Every structure is written in C-alpha cells, then in structure tokens.
Amino acid sequence: MAKLTTSEVFHLNLTVSAIHHQMEAPAADYLSLTAALLPYTGPWTAPTSVVVRGAFSISGPWTDVATLTAVGSVQEILFPYSHIQIEVLNHLDHNGELQLTVSYFTGETPDDGSRDVDITSSVPLDIASMPGLDILTMPVQDFMLEVPRGNVTSISSVNKFGQNPTSTAGTTEDVWGGGGTYSWPTTADITHLRQAVDQAAMRGQTIEIQGLDTNWDLAVQDVTLDAVNTTTPVVLATALRRVFRMKVMANVVANQDIELRNVGGGTTYAVITAGNNQTLMALYTVPADTTAYMTQYYVSVARSTANDPTGTDVTMWVADRANTYEFQLKHSIGMPSSTAPFIYTFRPYLKITEMSDIKISALCLTKAGDVHAGFDLLLVDN
C-alpha cells in the first residue's frame with residue numbers, strides 16, 4: 001500500500017463556481033466554490049496503486065469580515081487499499097484571497113495513525129469583476145430594503161393602497177377612489193386624461209400614469225394636461241389595457257379631480273381625488289413575464305357619524321386573465337365595529353401569476369363605511 005507523505009502528491013484546484021443571494025431571512029450572500037484534488041504533475045510520480053478521482057464543493061455565508069463557514073464540505077474519497085478523509089478549513093489570507101486547506105489522511109481506517117498531509121490553495125475574491133455572476137459585494141442586512149434600492153437583480157416591489165370614503169351599506173364595493181365596482185376593460189380602452197373642473201394652476205402640468213399596454217407589458221408615461229382648459233381630454237401616447245397609479249408631477253395641488261377615461265368618457269378607470277395628487281387604488285395587475293408574491297395586505301375602517309358600519313366583510317380577489325378566468329376569492333376577514341386595523345401576512349407568500357388582476361373589496365353592514373386597504377407585492381421576472 002502506498003503511503004502518502006508529501007504535499008507534492010496532489011494539487012488542489014480551486015475555482016469560484018457561483019455566488020448567489022439567499023432571499024429568506026436572514027438574508028445573505030452565499031459563495032459556492034468547486035475544489036478538486038488532482039494528481040501532481042511535477043517530477044514526482046505517484047505510485048500506480050494510488051488513483052485520485054473526486055471533487056467537492058462548499059458554500060456558506062460570505063461577509064467582508066467573517067470567515068466563510070463550510071457547508072457540506074466533508075467528503076470521503078477512497079484510494080485503493082487506503083482511506084482518505086477530506087476536511088476543508090478556510091479563511092481569508094492577508095491578500096484578501098479565500099484560502100482553503102485540505103487535509104487528507106491515509107491508512108486502512110481514518111484512525112490508524114498514518115501521516116496526514118495538508119495542501120493549501122487560494123482564489124482571489126475580486127468577485128465584482130467576475131463576469132456572469134449575480135452578486136452583491138456588500139453584506140445584506142435587510143432584504144426588504146435592498147429590493148426597493150434596486151440591489152437585487154430581477155426583483156422589484158410594489159406597494160398598493162386605496163380608499164373608498166363612502167362604501168355603500170349592504171353593497172360590496174371595491175376599494176378605490178372612484179367608489180363602487182371597478183370596471184376592468186377587455187381591450188386597451190384607457191385612452192384619455194382630463195380634469196373634472198378647469199384649474200388654471202394645473203394647465204399644462206404633467207401627470208405620470210402607470211399601467212399595462214395592450215400586450216400586458218408595463219407602460220409608464222407622462223401626459224400633459226391641456227394648456228388652455230384642463231377639462232379638455234388629452235389622448236395618451238400609449239393606450240392602456242390596465243392602469244394602477246397616477247401622480248401629479250408638479251409643485252401644484254390639484255384641487256379638482258383628475259380622471260383617466262375611455263374615448264367617449266363613459267367609463268372612468270382611475271381618478272386623482274382633489275387634494276391627494278395621487279390615485280388611491282387597492283388594485284393591481286401583474287405584468288406579462290412576471291410573477292407576483294403578495295407578502296401582506298391590510299384594511300381599516302375610519303368611523304364617523306355618517307360612516308359607522310356595525311361590521312365590515314373584507315375580501316381579496318385574484319383573476320387569472322391569461323387563462324380567461326373570472327375573479328376567485330383568495331382571502332377574507334370579518335371586521336366588527338371598532339376593530340383595529342387588520343393586517344394579514346402570508347407565510348409563505350401568496351403566488352400570483354402574470355396577467356392577473358388583484359383587488360380588495362368591502363361589504364359594510366348597516367351603515368356606509370370609509371374603507372382603507374392595500375397590499376405589498378414582490379415582483380419577480382420570469
């Protein structure tokens with residue numbers, strides 16, 4: 001049996017194979033490496049009875065100050081007539097490289113006392129310059145912070161919030177600024193913008209409109225109100241199949257409602273209520289080639305003399321338009337009068353596929369209600 005007593009027997013080949021980000025808490029970057037013990041190619045000739053075949057990989061959380069903790073890195077490689085156990089020890093050396101030391105032990109059993117040999121290899125950690133790797137070069141402390149900062153590739157976030165200030169008693173209504181039941185167009189029917197009453201300060205001002213075009217693709221466009229009379233309808237450059245947000249992009253408070261409608265003006269699809277400078281719409285449509293994950297939704301009912309229901313039934317709905325489905329109930333809650341705001345957190349997150357409409361509805365009992373609701377989504381590119 002050959003006895004291995006020199007570090008020249010084997011060569012440790014170490015490469016970075018992947019760097020990826022763990023989304024779940026605690027969020028962290030994970031570094032995966034592939035290492036292989038190869039026969040040494042120098043002048044020393046290994047005995048013919050010794051053959052090495054095998055590779056192993058390690059992965060673990062990476063930070064700029066802590067050592068990399070090996071995960072699943074202990075493996076066994078059998079030699080003819082001998083036993084070798086591989087143990088990976090790793091740390092950062094003074095040059096900022098990741099250094100691995102592999103110890104192997106030879107003998108009939110791992111504990112027979114034969115000489116162990118250490119082989120060390122290092123790999124540079126200039127990971128920011130490595131092409132084709134999706135990485136973050138800094139430790140991630142809060143995933144929900146890094147997503148809106150744009151630091152997580154192919155994932156974005158959406159916060160939707162709405163209000164129906166006079167939800168009719170005994171009637172299920174959607175939670176949006178226009179009140180009543182929302183109309184979902186079957187074509188790109190959303191085409192014209194105007195203000196309900198002319199406001200001199202809003203003439204020629206810009207409104208940002210967010211929605212989906214006829215192909216269900218995200219479309220964000222700036223539309224300028226008429227410069228002479230804001231009640232004159234202005235045609236959108238891109239007709240929309242869906243709209244889920246409008247904002248006043250000016251240092252002016254719109255004191256009259258701003259409406260987004262169809263060509264004849266018979267249907268209103270979004271409204272910026274006077275004084276808000278943004279729509280209130282607890283509804284959304286997932287763009288094409290995107291999957292949404294709802295993390296939570298909330299609802300509250302503001303009480304007053306006129307709006308004081310004895311209870312409120314709240315429902316959350318999803319309609320899969322890619323399969324031409326109607327709305328399906330996904331969650332519901334009954335809120336007695338004087339109940340504190342309700343928040344429901346999905347664990348795991350609620351998956352919602354592309355081209356699906358989402359809405360929150362409320363049924364106020366006995367009296368009308370001032371209903372507020374909203375939800376949070378993570379959008380992941382397909």
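We did not get these values from a lab; they are worked out from the coordinates using the rules stated. For clarity, every value in this text was computed on a predicted model and none was experimentally measured. All Cβ positions, glycine included, derive from the backbone under ideal geometry; neighbour counts span all protein chains shown.
For the residue pairs 247/330; 330/359; 247/367, the C-alpha atoms sit more than 20 angstrom apart in 247/330; 247/367. Residues 349, 293, 325, 269, arranged from fewest to most other Cβ atoms within 10 angstrom of their Cβ, appear as 325, 349, 293, 269.
Neighbour counting of Cβ atoms within 10 Å sorts the residues 297, 182, fewest neighbours leading, into 182, 297.
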